[in-house]
Amino acid sequence: ASPAYLATHGTPQVPADLAQHRCLSYANFGKSVWTLTRDEETERVGVSGHFSANEATTLMRAALAGGGIAMQPTYLANPLLRSGELQAVLPAWDLPVMTIYALYTSRRHLSPAVRALLDFLVQRFEGVPW
C-alpha cells in the first residue's frame with residue numbers, strides 16, 4: 001500500500017483487518033479470498049475493494065496512486081518497497097507460493113527448442129529469493 005493510503009485508512013495489524021480495507025484484487029481469481037500464513041497458522045480473509053484488474057502492473061499503479069492494498073509478486077513490489085513508494089502490510093505473514101510447471105510429451109524425443117527453454121527457465125529462476 002502507499003504511505004498515503006495507510007496514513008488515511010490505517011495499517012492492518014492482523015490479517016482479519018484486511019476485510020475493512022480497500023483491497024486491489026485480481027479479476028481472474030474470482031471471489032477474493034487472500035490466504036496468509038505464519039509458522040503453522042493460516043488465515044483466509046475475504047477482501048473487497050472498488051478496483052480489480054487482470055494484470056499485476058495495473059494493480060501496482062493503483063496501489064501507488066493510493067487506491068488500496070495490493071497483494072503483489074515480490075519481484076515487482078521489492079523495488080517500490082525499497083524506495084519507500086510502497087509500504088509492506090503484515091510483513092510477518094507469508095503469501096501463497098506460486099509455481100511454474102513445464103509440461104512436455106517425452107524426454108526421449110525432446111526438441112532442441114524445448115530443451116533450451118527448460119534450461120533457460122531453470123537457470124533464470126533457480127535460487128531467486130522470490
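Yes or no, residue by residue, for (1) polar (S, T, N, Q); (2) in contact with a Leu (Cβ under 9 Å, 6 or more places away or on another chain); (3) over 14 Å from residue 24 (Cα atoms):
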site	(1), (2), (3)
37	yes, yes, yes
40	no, no, yes
56	no, yes, no
62	no, yes, no
71	no, yes, no
75	no, no, yes
**OP:** Can you tell me which residue within the range 54-91, out of those that are modelled with pLDDT of 95 or more and among the charged types (D, E, K, R), is nearest to residue 10 (Cα to Cα)?
**Re:** 85
Subject >> Meets criteria (over 20 Å from residue 4 (Cβ atoms) and either at pLDDT 85 or above or β-branched (Val, Ile, Thr) (or both)) for residue 115 >> reply: yes
Original post:
Tell me, which residue of the range 111-130 that is aromatic (Phe, Trp, Tyr) and not in a loop (DSSP other than H, G, I, E, B) is farthest from the chain's Cα centre (by Cα)?
Top reply: 120
Original post:
Say we look at the range 57-86 and pick out the residues that are part of a helix (DSSP H, G or I), of a type in the set (Gly, Ala, Ser) and in contact with a Phe, Trp or Tyr (Cβ under 8 Å, 6 or more places away or on another chain); which of these is surrounded by the fewest Cβ atoms within 10 Å (Cβ to Cβ)?
Top reply: 62
**OP:** Mind listing whichever residues of the range 6-43 are under 15 Å from the mean Cα position of the chain (by Cα) and either farther than 19 Å from residue 94 by Cβ or outside any helix (DSSP H, G or I) (or both)?
**Re:** 23, 24, 25, 26, 27, 28, 32, 33, 34, 35, 36, 37
Original post:
part of a helix (DSSP H, G or I) and surrounded by 11 or more Cβ atoms within 10 Å (Cβ to Cβ) - does that describe any residue in the range 101-110?
Top reply: no
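The values are calculated or read from the model by the stated rules, or taken from the named source; none is laboratory data. These figures come from a predicted structure and were not determined experimentally. Quick reminder, even Gly has a Cβ in these numbers, built from the backbone with ideal geometry, and neighbours come from all protein chains shown.
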